[in-house]
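A short write-up of the structure that comes next.
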Amino acid sequence: MNEQFLQYIWKFRLLNPDLRTSGGEKLAVLHPGIQNTDGGPDFFNARIRINTNIWAGNVEVHYRSSDWIRHRHQFDPAYENVILHVVYENDQAIRTKHKEMMPTLIMRNNFPASIEERYTQIMQNHLWIPCYKLLNGAGTNILRLWAPALATERLTAKSGFVLRLLDEYADWDEVLYILLSSGFGFRINALPFELLARSIPLRIVRKNADSLFKLEALFYGQSGLLCKHPGDKYKRSLQAEYCHQQAKYNLKPLKPGLWKMLRLHPQNFPDIRISQLVQCLYNCKAEPGMLLNITETDKLKDFFRLSASEYWNRHYRFGRTSGKKEKKIGCGSAGLLLINILAPFFFAYGSARDFSPLRMRAVELLESIEGEDNHETRMWQSLGMNAGNALESQALIQLKRTYCDHKRCLECRIGLKVLDKKPMP
Ligand code: SF4
């Protein structure tokens, strides 16, 4: 039991009927007021009826009535318009500035015990999500309605990184270039790919954008992957070209040990992904901003269905021959690039320029892509929460990471449904 829980009961009026103040007067809550999370009373502009008189003003919630004194509210003018003190324990009579008794509602025994039981159960368990055992299909319809707001929260959080990059580079093209590069690292190698792009300024990429071979030499050379073992003819030719570029642009390569290979499917080896990134930069002529002009999701997806260069049809690593297979980015991975890179970029770009159609486009883009299939979405699925598209899968990820993992059930729309359900038999 804490103050936040009491505020929740008050806010959603989960109270018993036939309320009385501590002085025995009949009390009705006409409107609980607007919750205030800053300094001052907990709820502004509430409306209550005490006996036949209607009062409008603020409401303060405390666990104990003596907290009023302990918090020194009696000296704070911000609390002069409090019309009701809502407490769990009335351990001290509180008087208003005019020395009258403060109207007080004692919460103890004035809300259903089942809500507190469920709340305690949720707060004490350590399951995948706190309400795991109580959810029971309660959230599906709520998620449908809440998904746009949750996904927007996630886009806002992701756009923070985009805007920090903009602060650093002051150039949208350079920002998108770095983001795209990190996207090609997917989850495991996102950071090395980001560092790779940071190590090759876009102006140098542009100078070499007319040649796939030169771009590969530049990116493989800077990745540090060319420095291991002498390798085959193709690798040696890349090394020779890179030597020339390194001297020309005074480049410092990354340490090869940055790249993670453990438990990676060969299709995701950085050797393959670098070639696909290079193909991406080659196709857009190192002008990533052109992606803003592609308005259809299918065309954007097609743009990212990139193949690694021919050498990689028979290799997964330099110098190690394998069976012939084109290394083309799959539909799911192309979708991930739209979800994780383009949508946050559009959103951040729209936010920075105060251009809401672009923010809207980010949301619509997510709506038009299939939802992700990963551990988190599969766990939600097992709880009956299916994501119909990427907007909903992003919403579920946001819900898990920012609400469930921090036990913010009192701020969760599903939480209201779960807590307020009739007691289980
Ligand atoms: S935040 Fe919501 S969905 Fe998550 S555990 Fe709490 S009530 Fe359940």
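Summary of computed values
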| read-out | value |
| --- | --- |
| Given (1) in contact with a Leu (Cβ under 9 Å, 6 or more places away or on another chain); (2) surrounded by 18 or more Cβ atoms within 10 Å (Cβ to Cβ); (3) at positive phi, index of the condition GLY33 fails | (1) |
| Flag if ALA334 is touching a Gly at 6+ places or on another chain (Cβ under 9 Å), among the aliphatic types (A, V, I, L, M) and open to solvent by less than 60 Å² (accessible area, probe 1.4 Å) | no |
| Leading residue by the ranking (surrounded by the fewest Cβ atoms within 10 Å (Cβ to Cβ)) among those in segment 36-57 that are among the small types (Gly, Ala, Ser) and more than 36 Å from the chain's Cα centre (by Cα) | ALA56 |
| Candidates PHE304, PHE269, filtered to the one that is among the aromatic types (Phe, Trp, Tyr) and more than 22 Å from VAL175 (Cα to Cα) | PHE269 |
| Selection status of ALA247, in contact (Cβ under 8 Å) with a residue 40 or more places away in the chain and among the aliphatic types (A, V, I, L, M) | no |
| Residue list for segment 255-294, restricted to those being under 26 Å from the mean Cα position of the chain (by Cα) and among the small types (Gly, Ala, Ser) | GLY289 |
| Residues (over 38 Å from the mean Cα position of the chain (by Cα) and of a type in the set (D, E, K, R)) located in segment 84-131 | GLU89, ASP91, ARG95, LYS97, LYS99, GLU100 |
| Test: residue in segment 149-157 that is assigned to a helix (DSSP H, G or I), over 24 Å from the mean Cα position of the chain (by Cα), hydrophobic (A, V, I, L, M, F, W, C) and within 16 Å of the ligand (Cβ to nearest atom) | no |
| Test for PHE213: is it open to solvent by less than 10 Å² (accessible area, probe 1.4 Å), closer than 21 Å to PRO270 by Cα, part of a helix (DSSP H, G or I) and away from the ligand (no atom under 16 Å from the Cβ) | no |
| Yes/no for GLU364 being buried (at least 19 other Cβ atoms within 10 Å of the Cβ) and under 21 Å from the mean Cα position of the chain (by Cα) | no |
| Subset of segment 241-263 (residues that are at pLDDT 95 or above and among the small types (Gly, Ala, Ser)) | ALA247 |
| Hits in segment 390-416 (condition: surrounded by 14 or more Cβ atoms within 10 Å (Cβ to Cβ) and acidic (Asp, Glu)) | GLU392 |
| Of the criteria (1) within 26 Å of ARG305 (Cα to Cα); (2) away from the ligand (no atom under 16 Å from the Cβ); (3) in a loop (DSSP other than H, G, I, E, B); (4) open to solvent by 10 Å² or more (accessible area, probe 1.4 Å), which one ALA387 fails | (2) |
| Residue that is nearest to the chain's Cα centre (by Cα) [pool: residues in segment 184-202 that are part of a loop (DSSP other than H, G, I, E, B) and touching a residue at least 12 places away in the same chain (Cβ under 8 Å)] | PHE186 |
| Members of segment 105-144 found to be in a helix (DSSP H, G or I), under 25 Å from LEU365 (Cβ atoms) and touching a residue at least 12 places away in the same chain (Cβ under 8 Å), listed by number | THR140, ILE142, LEU143, ARG144 |
| Search result, residues across segment 299-345 that are part of a helix (DSSP H, G or I) and of a type in the set (D, E, K, R) | LYS299, LYS301, ASP302, GLU310, ARG314 |
| Residue within segment 391-400 that is at positive phi and more than 8 Å from the ligand (Cβ to nearest atom) present | no |
| All positions within segment 337-361 that are open to solvent by 10 Å² or more (accessible area, probe 1.4 Å), aromatic (Phe, Trp, Tyr) and in contact with a helix residue (DSSP H, G or I) (Cβ under 6 Å, 6 or more places away or on another chain) | PHE347, TYR349 |
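Quick grid of which residues meet (1) surrounded by fewer than 16 Cβ atoms within 10 Å (Cβ to Cβ); (2) within 14 Å of the ligand (Cβ to nearest atom); (3) modelled with pLDDT of 95 or more:
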{"site": "ILE106", "(1), (2), (3)": "no, no, yes"}
{"site": "ARG118", "(1), (2), (3)": "no, yes, no"}
{"site": "MET123", "(1), (2), (3)": "yes, yes, no"}
{"site": "PRO130", "(1), (2), (3)": "no, yes, no"}
{"site": "ILE142", "(1), (2), (3)": "no, yes, no"}
{"site": "LEU166", "(1), (2), (3)": "no, no, yes"}
{"site": "SER181", "(1), (2), (3)": "no, no, yes"}
{"site": "GLY185", "(1), (2), (3)": "no, no, yes"}
{"site": "ALA197", "(1), (2), (3)": "no, no, yes"}
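Matching residues to (1) closer than 30 Å to PHE213 by Cβ; (2) not assigned by TED's automatic domain parsing to the domain that holds CYS280:
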position: ALA308; (1), (2): yes, no
position: TRP312; (1), (2): yes, no
position: ALA334; (1), (2): yes, yes
position: TYR349; (1), (2): no, yes
position: ARG359; (1), (2): no, yes
position: LEU391; (1), (2): no, yes
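The values are calculated or read from the model by the stated rules, or taken from the named source; none is laboratory data. As the structure is a computational prediction, the values presented were derived from the model and not from experiment. Please note: Cβ atoms are built from the backbone with ideal geometry, for glycine as well, and neighbour counts cover all protein chains shown. The protein model used for the area step is the full one, side chains on, heavy atoms only, and it has no ligands, DNA or RNA in it. Shrake-Rupley method; radii C 1.70, N 1.55, O 1.52, S 1.80 Å.
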